1. How many angstrom separate the Cα center of segment 121-173 from the Cα center of segment 84-109?
2. When the expected Rg is taken as 2.2 N^0.38 Å, what fraction or multiple of it is the alpha-carbon Rg of the chain?
3. Please check: in the Gaussian network model of the chain (C-alpha springs, under 10 Å), which one of ILE63, ILE131, ILE162 has the largest mean-square fluctuation.
4. Run the dipole for the chain about the Cα centre, Lys and Arg Cβ at +1, Asp and Glu Cβ at -1, nothing else charged, and hand back the magnitude in debye, nearest 20.
5. Based on Cα positions only, what radius of gyration and what Dmax would you give for segment 197-336, in angstroms?
6. When the expected Rg is taken as 2.2 N^0.38 Å, what fraction or multiple of it is the alpha-carbon Rg of segment 48-140?
7. Heavy atoms only, probe 1.4 Å: what % of the accessible area of the chain goes to carbon and sulfur, would you let me know?
8. Taking 1 over the mean of 1/r across every pair of different Cα atoms in segment 171-277, what Kirkwood radius in Å do you get?
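The values are calculated or read from the model by the stated rules, or taken from the named source; none is laboratory data. Computed from a predicted structure; not experimentally measured. Cβ sites come from the backbone with ideal geometry, for glycine too, and all protein chains shown count toward neighbours. What goes into the accessible areas is simple: the full protein's heavy atoms, side chains included, and nothing from ligands, DNA or RNA. Shrake-Rupley method; radii C 1.70, N 1.55, O 1.52, S 1.80 Å.
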Amino acid sequence: MRHRWIKTALRAVILVGVTAIPASAATWADPLFAEQGHDFGAVPRGGKVRHNFLMTNRLNEAITIANVRASCGCTSGKASATLVQPGQSAVIEAEMDTKNFVGPKATTLFVSLISASRGEAEVSLAVSSLILSDIVLNPGAIDFGSVARGQSPAQTLTLDRIGSAQWRVVRMISASRVLNATLTETARHESTVSYSLTVSIKPDAPAGVIRDEIRLLTNDKETANIPILVTAQVRGELSARPSVVPLGNVHSPSGGQGRFLVMSSKPFSIVEIEGAGDGFQLGPIPKEPKPVHVVTFSYKPEEGKTRGDLRHLFRVKTDLPGEAPLEVTATLHIDP
């Protein structure tokens with residue numbers, strides 16, 4: 001009982017840290033976010049948890065998401081888009097890896113935004129968790145990496161509860177249409193309860209990114225809901241080389257140029273490429289069907305833009321049936 005009281009008190013401290021954002025830190029960009037703090041609550045050691053922060057552009061001009069950085073190596077963040085037009089929204093995904101910590105943990109994501117008239121602003125997004133020592137996931141998530149479409153690989157993780165013989169998982173929930181999952185109790189002793197979770201990708205899963213969660217519901221109020229992150233990249237006919245185009249240091253006002261190949265085993269046409277604007281310009285896009293397309297682009301820093309590291313996302317849409325848009329990232333450092 002005493003250790004649960006301590007955990008509850010520590011969690012309350014974390015919540016205060018998450019919600020107490022100094023007034024002096026407010027910028028023109030803060031009201032664009034629906035929330036600026038999230039508490040994951042009690043999570044198993046070794047697990048990976050994630051949360052999506054929603055940003056909506058309420059200005060009359062485009063906003064560039066220039067950078068997302070974390071205050072701690074245990075947390076990472078990425079944006080669903082680099083350029084957000086007026087009225088559109090983007091998601092900043094925060095992911096916390098708990099394998100190296102026990103107890104309360106609070107970190108911050110710093111999101112750098114740029115608009116033409118208001119300049120640069122940095123928004124702080126606070127995330128926290130209470131990492132338990134008596135519930136352990138190994139590994140902390142299921143990551144299939146890159147998988148060819150039509151394959152059905154499987155992976156298994158273990159879940160151990162130490163010191164509670166009455167603890168059990170009462171239900172497994174998955175809303176995914178592309179995953180199969182099986183949960184099996186493998187051991188029950190006075191000191192340890194163990195489960196094995198096996199997850200596979202369905203052979204008819206479409207090409208694209210899989211980022212799903214399987215939730216395990218338990219009979220313990222403190223750990224009533226345990227999320228298991230499942231990720232994969234299902235490869236289709238379409239591919240890009242390279243998928244990340246480094247432009248290196250870009251000097252004003254000369255700019256820089258880059259190119260990448262979009263390929264398939266059969267002829268196709270490029271219907272549209274998203275990502276032009278904010279200093280980036282795409283070269284001519286051939287319309288005739290062929291198995292390999294060369295895409296060229298250039299970047300020239302605009303007046304008044306903040307210098308430093310920049311990541312820019314291109315989304316290539318083709319007429320290949322069943323193929324998700326292909327994403328290619330340009331990275332560069334803009335010198336003064």
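1. A separation of 16 Å, based on Cα centres.
2. 1.13
3. With Cα springs under 10 Å in the chain, the top fluctuation among ILE63, ILE131, ILE162 is at ILE162.
4. 660 debye
5. Looking at segment 197-336, its Cα Rg and Dmax stand at 19.9, 63 Å.
6. Computed over Cα atoms of segment 48-140, the ratio equals 1.26.
7. Ligands and nucleic acids excluded, carbon and sulfur give 52 percent.
8. 18.7 Å
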